[in-house]
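Working notes for the structure below.
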Amino acid sequence: MTIEPATELESGGALRLPRARVVPLSAAPPSSYTAAVERYLTGAGIAKSSVRISRISLTTWGWMLADEPPPTGPARRGATPPFFPVTAIDDPALPEVLAELAAARADATDVDTLNRELSIARKAIGWWQRQGWIVGDPTLREKTFWKLLYESAARADEELCLNVEDLYPQDRRGKITAKDGATEWISLTVRHRPAPVPA
């Protein structure tokens, strides 16, 4: 970033404030996902206090995007995901793989951590899209999956088996197959806070 010097006076004697000019890092996409993460963390205006947790979260997603389970516990910090090009995020099969890995990860971590990681990943993916490095967003299915999981209280493996033809949006419900093979219905109604009672 360069800052213009404030040497000119505007009409009325006011000093013209300097303007920051953002210079793109490079037009070429980075060679790997890990390099894309670093360029995002240094070029997207991430607050210093958020860089560490963003790096850890994006590294976790790197493992999942490479179709491998991420390390957990102390092994998670400092772990480097397998090498793959950032353009691999556009693979049409990736969202399904990612949903299955995230469902397995749900057993190993809490909902707040998963939501934070998903939010960080979506911000990074949006930034990479604006850079022109990728086109798709494999986390859209993830966001839908987590919202449905939260709202319906169904088990992750039941929801992963849902197909479009199993959804009945007009009735706000979906048809799932339970563990015992029975057909059950889950509610797709969004929970709202109750309206305040007038005093």
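Quick check, is Asp90 at pLDDT below 80 and acidic (Asp, Glu)? First the steps, then the outcome.
Details: at pLDDT below 80: no; acidic (Asp, Glu): yes.
So Asp90 does not fit the description; no.
Does Pro95 qualify as being touching a Lys or Arg at 6+ places or on another chain (Cβ under 6 Å) and more than 16 Å from Arg55 (Cβ to Cβ)? Against the criterion (touching a Lys or Arg at 6+ places or on another chain (Cβ under 6 Å) and more than 16 Å from Arg55 (Cβ to Cβ)), Pro95 qualifies. Does Gln131 satisfy being loosely packed, with under 15 Cβ neighbours inside 10 Å, of a type outside the set (Gly, Ala, Ser) and modelled with pLDDT of 65 or more? It is false that Gln131 is loosely packed, with under 15 Cβ neighbours inside 10 Å, of a type outside the set (Gly, Ala, Ser) and modelled with pLDDT of 65 or more.
Evaluate the following for Leu149: is it surrounded by 14 or more Cβ atoms within 10 Å (Cβ to Cβ) and at pLDDT 75 or above? Quick ask: steps written out before the conclusion?
On the way: surrounded by 14 or more Cβ atoms within 10 Å (Cβ to Cβ): yes; at pLDDT 75 or above: no.
So Leu149 fails the test.
Report, ordered by the first and then the second residue, all pairs with beta carbons closer than 7 Å, sequence separation of six or more or different chains, a first member in segment 109-122 that is within 16 Å of Thr72 (Cβ to Cβ) and free of Cβ contacts under 8 Å to residues at least 60 places away in the same chain, and a second member that is of a type in the set (Ser, Thr, Tyr) and surrounded by 14 or more Cβ atoms within 10 Å (Cβ to Cβ). Qualifying pairs under 7 Å: none. Any idea which residue in segment 78-96 is surrounded by the fewest Cβ atoms within 10 Å (Cβ to Cβ), counting only those that are assigned to a helix (DSSP H, G or I) and of a type in the set (Val, Ile, Thr)? Among those that are assigned to a helix (DSSP H, G or I) and of a type in the set (Val, Ile, Thr), it is Thr87.
Mind telling me which of the residues Ala99, Ala75, Ala104 ends up being outside any loop (DSSP other than H, G, I, E, B), more than 16 Å from the chain's Cα centre (by Cα) and at pLDDT below 80? Even if it seems obvious, please write down each step before you answer.
Values: Ala99 fails: more than 16 Å from the chain's Cα centre (by Cα); Ala75 fails: at pLDDT below 80.
On inspection, the qualifying residue turns out to be Ala104.
Going by what's in this entry, would Ile186 be described as at pLDDT 80 or above and of a type outside the set (Lys, Arg)?
Details: at pLDDT 80 or above: no; of a type outside the set (Lys, Arg): yes.
No, not satisfied.
The values are calculated or read from the model by the stated rules, or taken from the named source; none is laboratory data. From a predicted model like this one, the values you see are computed outputs, not experimental measurements. Reconstructed Cβ throughout: ideal geometry from the backbone, glycine too, with neighbour counts over all protein chains shown.
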